[in-house]
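The structure under discussion appears below in the form of structure tokens.
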Amino acid sequence: MAKPSLLKEFVLFIKVEKKWWLIPLIAVLLIVGGLVLFASSSPMAPFLYPLF
């Protein structure tokens with residue numbers, strides 16, 4: 001039997017355990033992580049650094 005992917009396992013965990021409050025937390029972490037990646041390789045970096 002194939003091992004489920006991490007994302008599939010996480011979604012199944014949220015469904016089974018009814019941990020719906022984790023969705024906004026993960027979304028915010030992904031947005032902040034994406035903003036940090038964007039800020040590190042962008043000419044807009046000096047304008048984004050004061051946000052942190």
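Values quoted throughout were computed directly from the atomic coordinates according to the rules given, and no laboratory measurement underlies them. No experiment lies behind these values; they were computed from the predicted model shown. So basically every Cβ, Gly included, is an ideal-geometry build from the backbone, and we count neighbours across all protein chains shown.
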extent check for the chain: Cα max minus min per principal axis, descending, whole Å, gives 48, 26, 9
Phi-based couplings in Hz for the stretch 33-39 (Karplus 6.51, -1.76, 1.60; Gly and Pro marked x): x, x, 5, 5, 4, 5, 5
Separation in nanometres of the label points that stand 7 Å from Cα toward Cβ, at S40 and L6: 1.6
